[in-house]
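Notes to accompany the following structure.
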Amino acid sequence: MSDLVLVDGDTATFLPAFGAAMVAVRPGALSASSPASVGTKKICVAGDETSVSVAGCSYCTPQYSIPGTGTLKISQLAGDQKARTGTAGGKAVLLKGSLFTAVFEVQAPAQQPPPGPGAPIPDTTTRYSGRGSFTTANTAVRIG
């Protein structure tokens with residue numbers, strides 16, 4: 001089955017639920033590296049998903065209610081997000097597809113209010129897993 005080809009500047013939209021963490025998500029933009037184009041925009045190929053990095057997103061969990069911050073990234077594409085037949089520059093073309101796997105990397109941990117006098121207790125989890133999808137400006141070019 002064919003799907004829309006991703007191009008430079010397309011958006012990665014993250015879902016806010018990352019396991020126990022709720023993240024104040026913001027979209028990230030793809031940077032295309034292929035020599036091929038759709039109109040005036042370069043086509044995204046395998047590996048370009050690593051260009052997405054959204055820093056400074058706040059998060060909290062039910063246990064750690066004082067917000068912390070971290071960075072959203074794409075950790076793995078879904079099987080339907082790489083073309084099986086289309087390549088550009090020797091790499092598989094990226095497709096809109098379904099949901100990719102995302103990671104939220106904690107930079108400043110959320111904290112739990114102290115049970116009494118004292119300092120808040122920091123979250124010890126350094127990574128949370130979640131999901132996301134792509135939105136593309138390309139409405140015409142599809143490949144399988």
- Can you run phi through the Karplus equation (6.51, -1.76, 1.60; θ = phi - 60°) for segment 102-108 and list ³J(HN,Hα) in whole Hz, with x for Gly and Pro? 10, 10, 10, 9, 6, 9, 10
- Task: Would you please give the residues with an amide H less than 5 Å from that of Leu4, counting only those at least 5 places away or on a separate chain, with H modeled from the backbone geometry?
- Result: Lys96, Gly97
- Kirkwood-based Rg over Rh for segment 10-78 (C-alpha set), two decimals? 1.10
- Task: Rounded to whole Hz and in sequence order, give me ³J(HN,Hα) for segment 20-29 from the Karplus expression 6.51 cos²θ - 1.76 cosθ + 1.60, θ = phi - 60°, writing x for Gly and Pro.
- Result: 6, 8, 10, 10, 7, 7, 9, x, x, 10
- Item | Sequence ranges 118-129, 51-62, ranked by mean other-Cβ count within 10 angstrom, highest first | 51-62, 118-129
- Task: Mind jotting down a quarter of the surface of the convex hull over the alpha carbons of segment 25-118, in square nanometres, one decimal?
- Result: 7.5 nm²
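A short reminder: the numbers here are calculations on the coordinates, not readings from a lab. These numbers were taken from a predicted model, which means no experiment stands behind them. No Cβ is skipped: glycine too gets one built from the backbone with ideal geometry, and neighbour counts run over all protein chains shown.
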